[in-house]
Each structure stands twice: as structure tokens, then as C-alpha cells.
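Novice: Quick one: structure below, then a few questions.
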């Protein structure tokens, strides 16, 4: 039985996270907040490195793993008050990426997120998150929220999650809410994390439900995935996909030219005219596809095929985001990271602009004015001889793509 698990992961990412135990302040935007009870005793399904653990474990070929991480040393509980909720809040993310607030941006847009298995508490947990940060109510009753199966139907839903994907689902819908509070949200739950139902869920979100943007915070090996690529090919919608959390290396669906491959950064407050500093996260995936052709808008010289990624946003769990989740592990407020954060975040940015139906897959990122992107110029996610494929530098690089958003017109 073959598992999708890269050797570099344990070495570079473990070292990186272990070295980040000093950075609690980075994930606590509230001055003076005190650490909550440790949740290190909780058994997640992936491996632990330093003060963070993978939510989902390794998978065999043909299956996808969610790319979420959780901090095991920060836990604000179920009854936390705003000044004790650790992790970056919506206002922090909006400020870091210079996004609009208080207007009508995103109204009429629908963002779908595709995950595996059912989270019975998803809608209730989402309401806690949105209420905590003063975001508009988003429920089934008011037509803002919808939960469906892989066929786009409200029933029957998949079996309740027992593997950690419910934590991923809370992260996904919370991040869409944080960036685009006026957007409608569709949570698509596939019957399993096998690659076929996940792809079918993406197709249903666009074709049957009319989603403008679809986020996918999961991935697996790219071998044999050509049979799935058509599920992600939609000219009238933007499909985002996380590049992975195992460092330098390629995963699908991020490898497809039809998706926007979203890498990850380490984001801290302070520094420069922006007031925030970003470097490439060591866990973000990147590299050169061995299968998929290079899109015409990519011109980097070292990879003859599709290069991953296209853009990026915060992903390092040591500078993670606040998420509310009560299913399976019943944590309440937790801090999450991984490119599972950056994919729905970027999906929300696209929805703010509301022009996904006029864009040519990820092409517009490469046409964006430099002033609309934060060029990430330092950090690495592995060993590639110091080239841009794994090392951030001026202009395009694999771990961070063309950079992170600087306003909602970046794309």
C-alpha cells in the first residue's frame, strides 16, 4: 500500500515548527491574552511537529488528505470572550491584505468549499464564529448558507466525520466568512476523501449550484489524476486549490492549470510600510509538475510543465488563524494553519471582486499590477538547489507564486 507522504516533510517542516515555539504572540492579535488549556493530548490523525499537528493523516494513492494544521498549545475553549480568542481574527486578515470592509463587496457571490464526510455542527459552529467577530448572520434559513452532498443535493449527506475532516470544514467556511462576509457559502461534503467524489463535488458546485468560486483545501499525488482534471475545468468560475503542507513537492488538484494553486506564508505584524511582514512558509507545496502542461501565462524558465503555485496567503500554523469547531474533538476556539487556510482565503478575495466569470483560470494573477501584490522575497520550503522553485525571491517563485493580495483588485 502506497502512501502520499514526502520524506522532506518530516525533516524541514518538523524543524521549522519546532523552532516556532517562541511565536505565540504572532497568533494572538489581542494584546495581553493568556494561553488557554493545552490540547496537546488530543490525538489528531496526522503527525505532530513542535507545537502543531496535522489534522488529517497520510493517505494511500487515489485519496486526498486535508491540508489543515492545528496548534496544540493554544486553545481558547468553547465559552471564550473576544479578547481571549487566539489566532488572527477577520480584522487582522483584512488589514494584512488591504481588503475592503463595511461595504457591499461580495454581495451576490457564492463561494463553495469542497470537503469529505459530514460535519453535523458546521452551520452552528459557523454562526458562533461570525457572531464573535460581528459578521452578518449566514444560515440556511436566510439563504446564505447551504450544505449539500457531492451531487449538490441537501440529502442524503455523507456519514459523519471520524477522521478530522470536520476540523477542515470549519476552517474553510470560517475563512470565506472572514474575507467575504457578504458572500453566500456552500459546503459540499463528498462521501469520502477518494479523489473521484471530491472532484464530482467541485463540478456539482459550479454546474448545479452556480458557485462563482470553489475552494479545495486538500491534495494527493498527481499520478493518474488526468481522469479527474475535467472536474476542475470551469471557465465561468474560479477554482482554488492549496499547494500542500509537506514542503517542496507537487500535489493534485493544485497541479492542474485550470486551478489557482495557492501557496503559504508566515505572516507577522510589523515591519515596512505595509505594517506586516511575510516570508515563504516551509510547509507550503511547490514544484514542477511531471504530468500537466504549462499554461501560456507562465514563463518561468526551469520548469517545462506547470509550475506550482500561483499566489499565496498566510498558512504557517505558528502564525495561524482563529477557528471555531466543536465536532469530533469538541475544542471550541482553536488556532489552525496550513495551505488549507490560504486556499479559502484567496477564494474569498476573488469573490470580493466578483469577476470570476470573466477570468481565464489563474491568468489574471500574472497580469496584475505589481502594486496590487505583496511580493514575498525570502524563505524556502525545501532543497531545489536554491532556485525559485522552492526559494522565495523578487518576482515569481514556487512557494508564494506572484505574491499575496494587496487589495481586492489584485486579481
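Novice: Take the range 102-123 and flag every residue that is crowded, with 20+ Cβ neighbours inside 10 Å and on the phi > 0 side of the Ramachandran plot.
Specialist: Passing the criteria: 106, 117.
Novice: If only one of 112, 40, 16, 80 is modelled with pLDDT under 75 and either under 28 Å from residue 311 (Cβ atoms) or not in a loop (DSSP other than H, G, I, E, B) (or both), which one is it?
Specialist: 16
Novice: Being at pLDDT below 95 and more than 23 Å from residue 110 (Cα to Cα) is true for just one of 269, 282, 227, 274. Which residue is that?
Specialist: The conditions single out 274.
Novice: Okay, next question. Report yes if residue 46 is at pLDDT 50 or above, surrounded by fewer than 13 Cβ atoms within 10 Å (Cβ to Cβ), touching a strand residue (DSSP E or B) at 6+ places or on another chain (Cβ under 9 Å) and in a loop (DSSP other than H, G, I, E, B), otherwise no.
Specialist: no
Novice: Tell me which residues, restricted to the range 50-92, are surrounded by 21 or more Cβ atoms within 10 Å (Cβ to Cβ), within 28 Å of residue 222 (Cα to Cα) and over 18 Å from the mean Cα position of the chain (by Cα).
Specialist: Scanning the range 50-92 gives a single hit, 59.
Novice: Does residue 218 satisfy the condition of being buried (at least 24 other Cβ atoms within 10 Å of the Cβ), in contact (Cβ under 8 Å) with a residue 12 or more places away in the chain and farther than 23 Å from residue 304 by Cα?
Specialist: Taking the combined requirement at face value, the residue satisfies it.
Novice: OK, next. Assess whether residue 191 counts as being in contact with a helix residue (DSSP H, G or I) (Cβ under 7 Å, 6 or more places away or on another chain), in contact (Cβ under 8 Å) with a residue 12 or more places away in the chain and closer than 21 Å to residue 359 by Cβ.
Specialist: no
Novice: Here are some residues: 126, 99. Which one is at pLDDT 95 or above, in contact with a helix residue (DSSP H, G or I) (Cβ under 6 Å, 6 or more places away or on another chain) and either crowded, with 17+ Cβ neighbours inside 10 Å or not in a loop (DSSP other than H, G, I, E, B) (or both)?
Specialist: On inspection, the qualifying residue turns out to be 126.
Novice: Give the number of residues within the range 275-310 that are in contact with a helix residue (DSSP H, G or I) (Cβ under 8 Å, 6 or more places away or on another chain), surrounded by fewer than 24 Cβ atoms within 10 Å (Cβ to Cβ) and under 19 Å from residue 405 (Cα atoms).
Specialist: Number of matching residues: 4.
Novice: Take the residues in the range 83-96 that are touching a helix residue (DSSP H, G or I) at 6+ places or on another chain (Cβ under 6 Å) and assigned to a helix (DSSP H, G or I); name whichever of them is nearest to residue 333 (Cα to Cα).
Specialist: Restricting to residues being touching a helix residue (DSSP H, G or I) at 6+ places or on another chain (Cβ under 6 Å) and assigned to a helix (DSSP H, G or I), the top hit is 90.
Novice: Is it the case that residue 199 is in a helix (DSSP H, G or I), in contact with a strand residue (DSSP E or B) (Cβ under 9 Å, 6 or more places away or on another chain), in contact (Cβ under 8 Å) with a residue 12 or more places away in the chain and buried (at least 24 other Cβ atoms within 10 Å of the Cβ)?
Specialist: Against the criterion (in a helix (DSSP H, G or I), in contact with a strand residue (DSSP E or B) (Cβ under 9 Å, 6 or more places away or on another chain), in contact (Cβ under 8 Å) with a residue 12 or more places away in the chain and buried (at least 24 other Cβ atoms within 10 Å of the Cβ)), residue 199 qualifies.
Novice: When residue 246 is evaluated against the numbered criteria (1) crowded, with 22+ Cβ neighbours inside 10 Å; (2) at pLDDT 95 or above; (3) over 19 Å from residue 349 (Cβ atoms), which criterion, by number, is the only one it fails?
Specialist: (2)
Here's the yes/no breakdown for (1) in contact with a strand residue (DSSP E or B) (Cβ under 8 Å, 6 or more places away or on another chain); (2) buried (at least 24 other Cβ atoms within 10 Å of the Cβ); (3) at pLDDT below 95:
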| position | (1), (2), (3) |
| --- | --- |
| 151 | no, no, no |
| 156 | yes, no, no |
| 168 | yes, yes, no |
| 179 | no, yes, no |
| 182 | no, no, no |
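Novice: Here's something else I'd like to know. Out of all the residues in the range 136-148, which are under 14 Å from residue 181 (Cα atoms) and either surrounded by 18 or more Cβ atoms within 10 Å (Cβ to Cβ) or in contact (Cβ under 8 Å) with a residue 60 or more places away in the chain (or both)?
Specialist: 138, 144, 145
Novice: Still on this structure: Out of the range 347-365, which residues are surrounded by fewer than 20 Cβ atoms within 10 Å (Cβ to Cβ) and either modelled with pLDDT of 95 or more or touching a strand residue (DSSP E or B) at 6+ places or on another chain (Cβ under 8 Å) (or both)?
Specialist: Across the range 347-365, the qualifying residue is only 359.
Novice: Moving on to the next point. Residues of the range 202-224 being in contact with a helix residue (DSSP H, G or I) (Cβ under 7 Å, 6 or more places away or on another chain) and part of a loop (DSSP other than H, G, I, E, B), which ones?
Specialist: If the condition is that a residue be in contact with a helix residue (DSSP H, G or I) (Cβ under 7 Å, 6 or more places away or on another chain) and part of a loop (DSSP other than H, G, I, E, B), then 211, 212, 217 are the ones that fit.
The values are calculated or read from the model by the stated rules, or taken from the named source; none is laboratory data. Here the structure is a predicted model, which means the values were calculated and not measured. Cβ coordinates were reconstructed from backbone atoms using ideal geometry, including for glycine residues, and neighbour counts include every protein chain displayed.
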